[in-house]
Amino acid sequence: MKKLFLLLFFIFMVNSFFGYVQCGVYAQSESATSVNVGNKICHVTGNKVDGKTTYEYQGKIYNFCCPARIDEFKKDPEKYIKKVEEELKSQPKDVKNQIQKEDTKGNHKH
């Protein structure tokens with residue numbers, strides 16, 4: 001009985017970990033060469049991004065309001081990328097520069 005409990009517990013923990021990674025919350029999987037595009041709005045819902053849910057697509061990191069929206073993005077990424085690009089074009093130049101500086105700091109390794 002104890003072995004069965006341990007086995008079930010182990011399966012639960014492994015499943016929980018991979019579910020966490022798959023949702024995009026575990027941002028460490030993003031490569032050091034990826035660039036965060038700096039979108040402040042989740043273009044799947046129109047809500048503000050939560051600051052921790054991201055998804056890397058073709059070397060760029062997109063921000064979302066919650067993990068559930070990543071699957072919707074994956075269905076038609078180009079549709080949402082166009083919306084992100086429109087948002088970024090409308091930002092003042094000093095905001096764009098600040099995003100680039102923050103991204104450079106985030107990718108710096110010692």
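Here, each number is a calculation from the coordinates, and none is a lab measurement. Bear in mind that the values here come from a model prediction, so they are computed numbers and not experimental data. Using ideal geometry, Cβ is built from the backbone for each residue, glycine included, and neighbour counts are taken over all protein chains shown.
A few notes on this one:
- Cut-off under 5 Å, modelled amide H: who pairs with Thr53 long-range: Phe64
- Extension gain (nm, one decimal) between Glu78 and Val35, 0.36 nm per residue minus Cα-Cα: 13.8 nm
- Under 14 Å, Cβ to Cβ, from Arg69 - net charge with Lys/Arg +1 and Asp/Glu -1: +2
- Residues whose placed amide H lies under 5 Å from that of Ile41, excluding near-sequence neighbours: Val49
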